[in-house]
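These notes concern the structure reproduced below.
Quick note: the coordinates plus some simple rules give every number you see, no bench work behind them. This one's a predicted model, so the numbers in the text were calculated from it and none came from an experiment. All Cβ positions, even for glycine, are placed from backbone atoms using ideal geometry, and neighbour counts span all protein chains on display.
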Amino acid sequence: MRSQLFGAVLLSIAAVTFCALTKDFKPPGNTLVCCRPSIQVRVISSLDLTTRSVWAPSHNLNDAFTTHWFGATKSFIGIIRIDGKPYRYLGPQKTAGSDLPEPLQQTNLEVHPTRSVYTFKHEKLVLEVTFSTALLTDDYDLLSRPTAYITYRVKPTSGSVNVQIYFDATAEVSVDKNDEIVSWQRNTTSSSNILSVGTVAQPVLKKACDVCGINWGYFYLAVSKKAPATQSVALAEDARTTFVNSGKLPTTDLSGSRQVQDGWPVLATAWDLGSISSEMQQYAVVAYNDIYSVDYFKQYLKSYWTRKFATFHDVIDASINEHDQILNRLKTFDEKLVADLTRVGGDKYATISSLAYRQALGALKLVWNEKFNMPWYFLKEISSNGDAQTVDVIYPAAPILLYLQPKLLFLQLLPIMNYASNETISKYTYDFAPHHLGTYPICDIVSGAQENMPIEETANMLQMWSALVRKLGQDKDIQVFTQKYWKLLTSWVDYLVANLPDPGEQLCTDDFAGPSPHNSNLAAKGIIGIAAYAQLASYMSQPAAASKYEAISRDYARKWEEMSIVGDKTHTKLEFDKDDTFSLKYNIYFQYVLNITLFDPKPDIAYYLAKQDYPYGTPLDSRKLYTKLDWYYWVGAMADERQWLTFSDRGYAMAEKTTRGVPLTDWYMTDSADVVGFRARPVIGGLYAKMVLGK
C-alpha cells in the first residue's frame, strides 16, 4: 500500500484534552485546519523529533513551529496584546530574527470532527481560538472549497481590557523549497481584504512526488472588510516586532519578489479590538488555490468549486459572508456525529474517530470532469507513497464514505474504471484491476509500471461496487456506469474464479510485511469478491449468472475452510500450508457490508482476544508484533458488543500512548504502541467500519 498527499493546511498538536468527548486524552497529534490536498501545515516540537512527519508531543499551540506533515516548517505565528503586554498563542518563542514574547497559558483543547478549539487564560480574559474546515460530505460546494477558518473569541473576565490580535503565515506555505522565489499581492473585493503569495515560476502540475510540498498556485489570508483589521506583507521580524511594540503592522508592503529564505516574508493581519468589556469575535480565512488540481492522462481537472464561482476571490467572499452560517453547521454536524459515534462505541470510540475525521477526508480532492460533466473524487496516499487513486488505500478508507456519503466513494472509483476500460491515452493491458493511476497529482501510469496485486485489487473493486449498488441502486449514475462497465466487471470476476481458492504467490495489501504465498486472508477477500459479483448480477437482472457465481463462492468458501482452519479448530492460518500461524481476517468484514454469509469470524476473534491480545491490539499476523489500526477496527466491527469495546479501547490506548509528535499512524507495535512506519494516511477512515454496520 502506498499513501500521501500534497497538502491541506493542517496544524497538528498532541496531548490534548477532550471536553465533549473523553477527558485527558493525549493523542499523538490532531488536524486543525485542512484545505484539501494543496497544503499541509502541522505543529512540531523541539522535543522527540523523528524524521519526516513530526507533530507536537505537547498539547500547547505555542510550543512549536507549524510544519508540513513530513516535518518541513510552514510557519504560522500568533500574538495577542493584553493592555499593551504581548503574549504568544501560536508558534515557538524563537523565530526568524528575533524572540517572540512569553506564551499565553493554554488551558484546554477540544478536538471535534471538523473543528479544533484551543482555550487560553489570562487574569483579564479568556481567548478561544478555533480552527475549522468545512468537510461536510453532503455539500459538494463546501467540501470542495479549499478554505479554512481561524476564529477568535475574546471574553473579558475582570472589567474592560484593551486587546489586539496578530496572525501571520510565512511564504513557506506556498513553496516546496525555501530557495524558491515568491511574489505577493494585495486585493480588495466587495466583502474581503485579501493577501496572497505564490511562486514566481508557477510550475502548475509539473511535480508529482511523495514527500514534497506544492509550489504552484497561491496561498491566501483574508479578513472581512467590516473587521477592525489591518494587513501587511513584510519580513517576519519586521511584522512581528512592530506588532509586539505597538499593536500595529508595518504601513508599507514589502516590494518586489524574493526567495522565501531571504528574510522570511509573511502575510500578516492584526485586529485592534480596542477596549472591550464583553465578548468579541473576529476571524480570518486561510485558503489555497491550486489552479489545476489533477492531471488525468493529460486531461487537466479543476477543483469542483469552479462550477459555482468564477474567481477564487468569489470563493473567499462566500467564505467571509457565510462564516457564521458555516460555523453553526459545523457545530451541529460535529455534535450529531459525536453522538452517533458514542452510541455505537462509547466515548473512547467517539474520541479517536473524531481525531481521524479530518485526517481521512483531508487526503481527498473533489474535481470537476468536463468531459463527463460530473465530479470525480481523487485520493492521494500519505507517507507510504505518493500514489494517486490506490485501490488498496481507497478500500480500507472506504467505511468513512460508505457511512457518510457513499456517492463520494463511487466518484473515487470512476477514474479507475475509466482507466481500466482503456478510455485514456495510456492503455491498460491486464485482465485484473489496476493498483493505482500514477503519482499524485499526475495520473499517467502505464501498465508495466503497475504494482500488481491482482486478486487484492480486483476483489476490492468488486466488493466496493457491490456495496454502492446496495446503498445507491436507484441512483441514475450507478445504473448507467454499472451497465457501461459490466463487461469489465465480468472479466474481473472470471479472473478471480480462475485464480482461487488458493491465490498462490500474489502480493496483497500488506506487502510491507513481506511475501505471503497461499495467503488465506487474501483468498477470503477474493471469494467475497466473487459473491459480490453475484449480487451485481442480480442487480443487472441476470439470475443465471447470479446463481452461478454465488454457487462458486460458496464452493470456494468450503474449500477455504478445509485449507485454512488449524487442526484444533481454534483459528485460521496465515497461509494454507503453515499450521503454526494466524492472521487478522479483516477481509471477512465486507461480507457483513454486503449481507453475505460465507465465513464465520467468531473463532478467530475469540482466539485473538484469548491468545494474541497485547496492550494495544492483536498483531497483524504471526510474523511480527505490529498491526494495522484500520484493519484492527475492521475486525472489531465483526465482534460481539463486549469484544468490540475491547478492540476499540485498545485502539484508543494506542492513540494515547504511541510515539509523540507523529500524526495518527495506522502501523504500530502492539506491545509498545510505537510507530513502525505509516502516518497521516487516509486509511484511518477505516475506523468508521463499525458505523457502516451500525447504520
Report, in deg cm²/dmol and to the nearest 500, the calculated mean residue ellipticity at 222 nm for the chain, where each DSSP H run with n ≥ 4 adds -39500 (n - 2.57) and the sum is divided by the residue count. -10500 deg cm²/dmol
Rounded to whole Å, give me the distance from the Cα center of segment 624-695 to that of segment 282-322. 34 Å
Between 0 and 90 degrees, rounded to the nearest ten: what's the tilt of helix 543-564 against the longest Cα principal axis of the chain? 90 degrees
Place the peptides 531-544, 451-464 in order of packing, highest mean first, counting for every residue the other Cβ atoms within 10 Å and averaging per peptide. 451-464, 531-544
Ranked on Cβ counts within 10 Å of their own Cβ, fewest leading, THR439, THR188, THR269, THR230 go THR188, THR230, THR439, THR269
The answer for HIS571, listing residues at least 5 apart or on another chain whose modeled amide H is closer than 5 Å to its amide H, is VAL566
How long is segment 453-594 along each principal axis, judged by its Cα atoms, biggest number first, in Å? 49, 30, 25
Normalised contact order of segment 170-222, rounded percent, pairs of Cα under 8 Å and 6 or more residues apart: 41 percent
Work out the charge dipole of the chain with +1 on the Cβ of Lys and Arg and -1 on the Cβ of Asp and Glu about the Cα centre, then indicate which of SER98, GLY514, ILE552 is farthest towards its positive end. SER98
Can you tell me the dipole magnitude for the chain around its Cα centre, using point charges on the Cβ only (Lys, Arg +1; Asp, Glu -1), in Debye to the nearest 20? 1220 debye
Per-selection Kirkwood Rh - segment 621-673 (Cα, Å, 1 d.p.): 11.5 Å
Dipole of the chain [Lys/Arg +1, Asp/Glu -1 at C-beta], most positive-end residue of ALA433, VAL635, SER538: SER538
For segment 226-324, treating each Cα as an identical point scatterer without solvent, what Debye log10 I(q)/I(0) comes out at q = 0.10, 0.13, 0.18, 0.21 1/Å? -0.45, -0.70, -1.03, -1.13
Using the Cα centre as the reference, give the magnitude of the dipole from point charges on the C-beta atoms of segment 453-594 (Lys, Arg: +1; Asp, Glu: -1; all else neutral), rounded to the nearest 20 debye. 720 debye
List the relative contact order of the chain as a percent without decimals, with contacts defined as Cα pairs under 8 Å and 6+ residues apart. 14 percent
Can you list, bin by bin at 20 Å, the percent of alpha carbon pairs in the chain, starting at 0? 19, 51, 25, 5, 0
Beyond 18 Å, how much of the Cα-Cα pair distribution for segment 514-593 remains, as a whole percent? 45 percent
Towards the positive end of the charge dipole of the chain, with charges on Cβ (+1 Lys, Arg; -1 Asp, Glu), say which of ALA360, GLY386, SER158 has the farthest Cα. SER158
Quote the FRET efficiency, to the nearest 0.05, computed for PHE512 versus GLN281 with a Förster distance R0 of 35 Å and r equal to the Cβ-Cβ distance. 0.15
Taking Cα pairs closer than 8 Å and at least 6 residues apart, the relative contact order of segment 466-552 in percent is 28 percent
For the chain, longest principal axis from Cα atoms; helix 312-321 axis from its Cα atoms; angle between them, nearest 10 degrees, is 80 degrees
Long-range amide H contacts for ALA234: which residues qualify at under 5 Å (H placed 1.01 Å from N, peptide plane, sequence gap of 5 or more or a different chain)? LEU254, VAL266, ALA268
About the Cα centre of segment 421-522, how large is the charge dipole given +1 on each Lys and Arg Cβ and -1 on each Asp and Glu Cβ? Please answer in debye to the nearest 20. 520 debye
By the mean-Cβ-within-10 Å protection proxy, highest first, 592-605, 166-179, 382-395, 277-290 rank as 382-395, 166-179, 277-290, 592-605
